[in-house]
Amino acid sequence: MAAGVYAARKKIKTLLIAEEFGGQSVVSDDIQNWIGTKSISGLELANNLEGHLKAQKDIDLLEGDRVIKIKKLGENHFKVATRDGKEYETERILLVSGSRRRRLDVPGGEEFDGKGVAYCATCDAPLFKNKVVAVVGGGNAGLESVIDLMPYASKIYLLEKNGHLRGDAVTKKKIEESDKVEIRFGVDIQEIVGKQFVSGLKYKDMNSGEDVELKLEGVFVEIGSVPNTDIVKKLVKLNKRDEVVVNHKTMQSSDSGIWSAGDASEVLYKQNNISAGDAIKAVLDIYDQITSQPTE
């Protein structure tokens, strides 16, 4: 949406294709690091960004559809096909397709999805009132899930495979001071168990080698994300995590006609402020390329 606003203001002939507006932060109740705003919910932030984008006159929007294929026709010449059968030709592409939640790939992970295994604490925390739950993952998303669960769950296990938590210091302090939360490190999840619903979780303690089983009724998974880059994997260079490799000065990929920003790119820090800035950087570079070309 940041890229769209800048493209419109620069009067670059632009089509923005989005299955939906929002993004992963929509589920956050309280965002305190969006610069210029002391506190805002993810939904309100998304609505503000969408409103800003749709206030622009010089941009076309295709909402409710998704790009499924990009074909290179020549130098700076691409054909973009959508799920609903539309096709467009373009000279340049900015891929800001984000990422999706990484699933918990252990026995029981898929079987109990929606039956105790959850991927959105903001959405599902009230369903676990007075229940024992686990949050898997010690990054910012995992810590925020713990915060969301604190008013509801009777006990929360925060399980991290590595030896430390990676989230914001302020959030870590809140969690470490809570009597409800027990943090365990060196946890290698082996299995989610239950009958109709989750009743426990088995893991190997990587420090002691011991097999451990926790009795609980909910498992909230926050183990990172997978970039949505399948549509460009044959067109640009990807790193080992399937993120688009970019020139960090311009956000241009290995193909001279494709740029990427946000979670789809290899940027180190996956943050709203950084994603917005990198997308704007890409648009400005595209604009510079367009305006520097001689006209026929």
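The values are calculated or read from the model by the stated rules, or taken from the named source; none is laboratory data. Just so you know, these numbers come straight off a predicted model, no measurement behind them. Cβ: placed from backbone, ideal geometry, glycine included. Neighbour counts: every protein chain shown.
List of remarks:
- Some residue of segment 168-190 being modelled with pLDDT of 95 or more, surrounded by 16 or more Cβ atoms within 10 Å (Cβ to Cβ) and of a type in the set (S, T, N, Q): yes
- Residue match in segment 215-222 (condition: within 30 Å of F128 (Cβ to Cβ), of a type in the set (F, W, Y), touching a helix residue (DSSP H, G or I) at 6+ places or on another chain (Cβ under 6 Å) and at pLDDT 95 or above): yes
- Residue count, segment 4-27 (criterion: closer than 17 Å to E144 by Cβ and either among the basic types (K, R) or touching a strand residue (DSSP E or B) at 6+ places or on another chain (Cβ under 9 Å) (or both)): 2
- Residue that is nearest to K155 (Cα to Cα) [pool: residues in segment 98-136 that are among the hydrophobic types (A, V, I, L, M, F, W, C) and part of a loop (DSSP other than H, G, I, E, B)]: C120
- Applying the set (1) farther than 25 Å from K202 by Cβ; (2) modelled with pLDDT of 95 or more; (3) surrounded by 15 or more Cβ atoms within 10 Å (Cβ to Cβ) to P151 leaves exactly one unmet item: (3).
- N47 falls short of the stated requirement of being at pLDDT 95 or above, surrounded by fewer than 17 Cβ atoms within 10 Å (Cβ to Cβ) and in the same structural domain as G194 (by TED's automatic domain parsing).
- Which numbered condition I68 fails, given (1) in contact with a strand residue (DSSP E or B) (Cβ under 8 Å, 6 or more places away or on another chain); (2) farther than 22 Å from T229 by Cβ: (2)
- Residue ID - farthest from M251 (Cα to Cα), chosen from residues in segment 75-105 that are surrounded by fewer than 18 Cβ atoms within 10 Å (Cβ to Cβ) and either of a type in the set (V, I, T) or in contact with a His (Cβ under 8 Å, 6 or more places away or on another chain) (or both): T82
- Which numbered condition T291 fails, given (1) part of a loop (DSSP other than H, G, I, E, B); (2) free of Cβ contacts under 8 Å to residues at least 60 places away in the same chain: (1)
- Some residue of segment 260-269 being surrounded by fewer than 19 Cβ atoms within 10 Å (Cβ to Cβ), more than 30 Å from V187 (Cα to Cα), modelled with pLDDT of 95 or more and in contact with a strand residue (DSSP E or B) (Cβ under 8 Å, 6 or more places away or on another chain): no
- Enumerated strands (runs of 3 or more DSSP E) restricted to segment 173-265, each holding at least 1 residues that are more than 26 Å from K161 (Cα to Cα): 258-260
- D65 being outside any strand (DSSP E or B), in the same structural domain as I17 (by TED's automatic domain parsing) and touching a Lys or Arg at 6+ places or on another chain (Cβ under 7 Å): yes
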